[in-house]
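Heads up, the thing below is written out as structure tokens.
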Amino acid sequence: MRKKNEKKHLSKGKKALIQYSIIGVAAIAVGVTSGIVLKKRFGPVETDYTGFNPEAFRMDSASLLKEYEKNKSKTFTPAELVNIGLEKYRNCENSYSIGVGQASTIVNQSIRNFQIKNGNDYFEEQISKSSMVALANRATQKGNDKVQVYKGKAKDTEVSEYTNGSDAYESEEYKASWGKTMQEMFIYLISNDTVLTNQCSVSKKDGKTKVHLELDTEIATYYYKVQMKNLSNLSALPTFEYLKQTYTFNEDMMLLHLAIDEKYQASMSGVTATIQNNIDYYYHANEFRKIPEINENLDYSVEGEEKYE
């Protein structure tokens, strides 16, 4: 696509991308998806997405999967391979995934994510916990019913509590506020136009395919930024310094694991912090996991999970 440090000239699906500065002036604790502690510093460059059409950058993953099934020996780009694997996982009747990670800034903060699909029913939870932040969020959807969103509190690293009822969203309303529909499952815009081509690679070993991507920090992260802002009431969309992903698939391109290394800046009331996240997601395709009741805790243990380098 382009070299990492080149200036971005983007025209597909947008009218303009105008950048301006945010200045941080004080120290305060606040939460984002992973939670942050803010410190005095000059802020990042923020992007104005007026007129931007993110869907113009979405690949036709269903067609790519059909192409792959017809000719598995065909050469696909790294972005195409990831879309094939994600579509294959989405098509599973039952599945669940566990995300475990840490955010690093002034204090370290735990990150947990659980996602379940049972037929046409969906569930997702995010928990962020440190000595200064305690965030929890759950969303459920049964069939074509509205998405029910519960905002709660993290009582511990893997224990959450929800006491204030839920807010209901139509599927597209939920996407507008939280970055994706429950059926889409994955929030990043991954295509040949949204990755840094010379930073991507594919390797095969011991029956597994490993795909490493480095994402464009403006386009690929758009929906992720929307989710982060609304989860934590940030004053602006966060801005990314980098976002690196390494996917592991089995010999038939079924998703097994995703390792994320990302660094970004988030702001509230004019104050900005830099956060660096490392998160591992473990995927269980074609496995059933019961969707919990609203205050039923989940088992986030990843003991026994295969270790991926």
Q.
Of the conditions (1) closer than 30 Å to TYR68 by Cα; (2) in contact with a Gly (Cβ under 8 Å, 6 or more places away or on another chain); (3) not charged (D, E, K, R), VAL226 satisfies every one except a single condition; which number is it?
A. (1)
Q) Which fully enclosed strands (runs of 3 or more DSSP E) of region 128-207 have 3 or more residues being within 20 Å of the chain's Cα centre (by Cα)? A) 134-142, 147-156
Q: Kindly indicate which of ASN108, ASN120 is of a type in the set (S, T, N, Q) and without any contact (Cβ under 8 Å) to a residue 24 or more places away in the chain.
A: ASN108
Q | Long-range neighbours under 6 Å by Cβ, at least six apart or interchain, first residue in contact (Cβ under 8 Å) with a residue 60 or more places away in the chain within region 221-246, second aromatic (Phe, Trp, Tyr) and part of a helix (DSSP H, G or I) | A | GLN227/TRP178
Q | Search result, residues across region 265-279 that are closer than 14 Å to ILE106 by Cα and crowded, with 16+ Cβ neighbours inside 10 Å | A | GLN265, ALA266, THR272, ALA273, THR274, ILE275, ASN277
Q) Yes or no: GLU124 of a type in the set (Asp, Glu), within 19 Å of the chain's Cα centre (by Cα), in a strand (DSSP E or B) and modelled with pLDDT of 95 or more? A) yes
**Q.** Only one of ILE260, ILE275 that is touching a residue at least 24 places away in the same chain (Cβ under 8 Å) and either within 21 Å of PRO54 (Cβ to Cβ) or part of a loop (DSSP other than H, G, I, E, B) (or both)
**A.** ILE260
Q: Test GLY270 against the stated conditions and say whether it is in contact with a Ser or Thr (Cβ under 8 Å, 6 or more places away or on another chain), at pLDDT below 95 and farther than 22 Å from VAL202 by Cβ.
A: yes
Q: For residues that are within 28 Å of ASN108 (Cβ to Cβ) and assigned to a strand (DSSP E or B), tally how many sit in region 280-292.
A: 5
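Results for (1) surrounded by 15 or more Cβ atoms within 10 Å (Cβ to Cβ); (2) within 20 Å of HIS257 (Cα to Cα), shown as yes or no for each residue.
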position	(1), (2)
VAL159	yes, no
ALA168	no, no
SER191	yes, yes
LEU196	yes, no
GLN199	yes, yes
VAL202	yes, yes
GLY207	no, yes
LYS210	yes, yes
Q) In this structure, is SER191 in contact with a His (Cβ under 8 Å, 6 or more places away or on another chain) and modelled with pLDDT of 95 or more? A) no
(Q) Just to verify a result, which residue in region 70-110, among those that are of a type in the set (D, E, K, R) and in contact with a Lys or Arg (Cβ under 9 Å, 6 or more places away or on another chain), is surrounded by the fewest Cβ atoms within 10 Å (Cβ to Cβ)? (A) GLU93
Q | ALA220 being outside any strand (DSSP E or B), within 18 Å of the chain's Cα centre (by Cα), of a type in the set (A, V, I, L, M) and at pLDDT 95 or above | A | yes
Q. What number of residues within region 288-309 are surrounded by fewer than 12 Cβ atoms within 10 Å (Cβ to Cβ), farther than 23 Å from ALA154 by Cβ and not basic (Lys, Arg)?
A. 3
Q. How many of the residues in region 223-257 are assigned to a loop (DSSP other than H, G, I, E, B) and either of a type in the set (A, V, I, L, M, F, W, C) or surrounded by fewer than 19 Cβ atoms within 10 Å (Cβ to Cβ) (or both)?
A. 10
Q.
With the requirement that a residue be closer than 18 Å to THR75 by Cα, touching a helix residue (DSSP H, G or I) at 6+ places or on another chain (Cβ under 7 Å) and not polar (S, T, N, Q), what does region 180-211 give you?
A. ILE190, ASP193, VAL195, CYS200, VAL202, VAL211
**Q.** Residue identified as touching a helix residue (DSSP H, G or I) at 6+ places or on another chain (Cβ under 7 Å), at pLDDT below 90 and aliphatic (A, V, I, L, M) among VAL32, VAL107
**A.** VAL32
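The values are calculated or read from the model by the stated rules, or taken from the named source; none is laboratory data. Source: prediction; values computed, not measured. Neighbour counts run over all protein chains shown; Cβ positions are idealised from the backbone, glycine included.
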